[in-house]
Amino acid sequence: MRERPSRKPYTITSTSNPQTSYQNRWRNATKNCWSDLVATMSFRSISGNTVALTRSGMDHIAKRHPELKNFDLANKIGISVESPDYVVQGKFGRHIAVRSEPMMLGKAKYMVVIYEDGGEVITAFMTSKIEKIIRRNVLWKRC
């Protein structure tokens, strides 16, 4: 039977405490992750629940939907969540807020915001075709 080579004992070459060093590395690695989850703005939905708009949500919307660059994005999302023309049932228990944007030239444009009621904004985009969205179960409609 072959003998195992002897292992050298683990030695710490640094003078700093390894536990503190580990904690600092973890804190630095997660600092940006947790700061992204902090709500930058919060709004009241039609049902009265709070809907948060996080920094990571804003980054996602700005990156994926460049047509929204020229708008005050957080303000438009807030107005759409707080006073939509329609609230429609979305997938996975989410809600879809639809609001017309009168200042758009040409076709009628609608701001669509998908959010979790009592949660956060998932995404937002502009569209001129809301027929497919309105075909779903309409939960609330402006009179």
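Here, each number is a calculation from the coordinates, and none is a lab measurement. Here the structure is a predicted model, which means the values were calculated and not measured. Cβ sites come from the backbone with ideal geometry, for glycine too, and all protein chains shown count toward neighbours.
Below is a table of values for the structure above.
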| read-out | value |
| --- | --- |
| Residues His60, His95 arranged by fewest to most Cβ contacts within 10 Å | His60, His95 |
| Among 45-51, 87-93, 77-83, the order from most to least packed when residues are scored by Cβ within 10 Å on average | 77-83, 45-51, 87-93 |
| Estimated vicinal HN-Hα couplings, Hz - segment 64-69 in sequence order (Karplus 6.51, -1.76, 1.60; Gly, Pro = x) | 7, 10, x, 5, 9, 5 |
| Segment 44-143, Rg to Rh (Cα coordinates; Rh as Kirkwood inverse mean 1/r) | 0.93 |
| Lysine pair number, Cα distance threshold 16 Å (strictly under), segment 62-141, separation 8 or more or different chains | 7 |
